[in-house]
Amino acid sequence: SGNIDFDHVSFQYNENEKVIDDVNLHIKAGEKIALVGPSGSGKTTLCSLLSRFYDVTNGSIRIDGQNIKDVTLKSLRSNIGLVQQDVYLFTGTIEQNIAYGRPDASHEDIVEAAKKANIHDFIMSLPEGYNTFCGERGTRLSGGQKQRISIARVFLKNPKILILDEATSALDNESERIIQKSLEDLSKNRTCITIAHRLSTIRNADEIVVIDATGMHERGTHDELMKLNGTYAKYYKLQFEGLN
């Protein structure tokens, strides 16, 4: 169902370089959590540990009470959807690229996923529609279009857990607005972990966790952290000074 527990989790690449130190975090199924902090503080690493791109050095990560080391990588990763800043598209058609999320999907399922990601109308405007060829890394598509294809992939996969890693930070403001709506739809009824530099995208998170070099530094809702007037409030004011 998507309950996640980080239980005294530590991670280091080598003996002298501890990246994460004794993190405890409980995320309830369906909850929206945002991770905020400077580059290099371990936000992306935490999410990589959840997907087992690396294994924890100490502690454990559990999903629905089960240690993720006790299940196959295939079953673990089939329940996790990942939308990143850099989208990798393969040489092939748009349909094949969306189907990467679920290779056995029907054309109808792929179209439905594209509609949910707000990319269907654009695809239908192309001369060959879903059979339009896109080169490696999506050279014929804009950043926003590639991002919506990657979102369609996750809609098609329909995982219980969603990780959004800086998913809109490389986009212009107009593209970001369109994609933010798609991401909001995508995160409904899923456990969602968002890593964001643009704090406007996470104001409505159930909980915001501020991570710095010393570990988990602050946690709470947007309003609670603004009242606390600590690190998060400082970041927020820096981003929005003079905009209101």
Hey, does the stretch 174-181 have a residue that's under 21 Å from S48 (Cα atoms) and in contact with a Ser or Thr (Cβ under 8 Å, 6 or more places away or on another chain)?
-> no
Enumeration of residues in the stretch 175-227 that are touching a Lys or Arg at 6+ places or on another chain (Cβ under 8 Å), assigned to a loop (DSSP other than H, G, I, E, B) and under 22 Å from S41 (Cβ atoms) | A205, D206
Which ones in the stretch 90-116 are in a helix (DSSP H, G or I) and basic (K, R)?
-> K115, K116
Selection count where residues are farther than 17 Å from D185 by Cα and either open to solvent by less than 50 Å² (accessible area, probe 1.4 Å) or touching a residue at least 60 places away in the same chain (Cβ under 8 Å) (or both), scope the stretch 123-144 = 10
Based on what the data block shows, is T72 more than 27 Å from S169 (Cα to Cα) and either open to solvent by 60 Å² or more (accessible area, probe 1.4 Å) or hydroxyl-bearing (S, T, Y) (or both)?
-> yes
Residue match in the stretch 163-178 (condition: among the charged types (D, E, K, R), over 23 Å from V23 (Cβ atoms), within 19 Å of the chain's Cα centre (by Cα) and open to solvent by less than 30 Å² (accessible area, probe 1.4 Å)) = yes
Any idea which of S150, S200 is open to solvent by 40 Å² or more (accessible area, probe 1.4 Å) and not charged (D, E, K, R)?
-> S200
For the stretch 180-194, pairs from a residue that is among the hydroxyl-bearing types (S, T, Y) to a residue that is open to solvent by 40 Å² or more (accessible area, probe 1.4 Å) and modelled with pLDDT of 90 or more, with Cβ under 8 Å and 6 or more apart or across chains, are S182/K116; S187/K32; T191/N3; T191/K28; T191/A29; T191/K160; T194/K32
The residue that is farthest from T191 (Cα to Cα), considering only those in the stretch 83-101 that are in contact with a Lys or Arg (Cβ under 8 Å, 6 or more places away or on another chain) and open to solvent by 80 Å² or more (accessible area, probe 1.4 Å), is Y88
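Residues checked against (1) β-branched (V, I, T); (2) touching a helix residue (DSSP H, G or I) at 6+ places or on another chain (Cβ under 6 Å); (3) closer than 19 Å to I4 by Cα:
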{"position": "T168", "(1), (2), (3)": "yes, yes, no"}
{"position": "I178", "(1), (2), (3)": "yes, no, no"}
{"position": "A205", "(1), (2), (3)": "no, no, yes"}
{"position": "A213", "(1), (2), (3)": "no, no, no"}
{"position": "G220", "(1), (2), (3)": "no, no, yes"}
{"position": "M226", "(1), (2), (3)": "no, yes, no"}
Based on what the data block shows, is A105 more than 30 Å from V36 (Cβ to Cβ), touching a Leu at 6+ places or on another chain (Cβ under 7 Å) and open to solvent by less than 30 Å² (accessible area, probe 1.4 Å)?
-> yes
Hey, G2 surrounded by fewer than 20 Cβ atoms within 10 Å (Cβ to Cβ) and on the phi > 0 side of the Ramachandran plot or not = no
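The values are calculated or read from the model by the stated rules, or taken from the named source; none is laboratory data. Everything quoted here is computed from the prediction, not taken from an experiment. Every residue, glycine among them, receives a Cβ derived from its backbone with ideal geometry; neighbour counts consider all protein chains shown. Note: areas computed on protein heavy atoms with side chains; ligands, DNA, RNA excluded. Shrake-Rupley method; radii C 1.70, N 1.55, O 1.52, S 1.80 Å.
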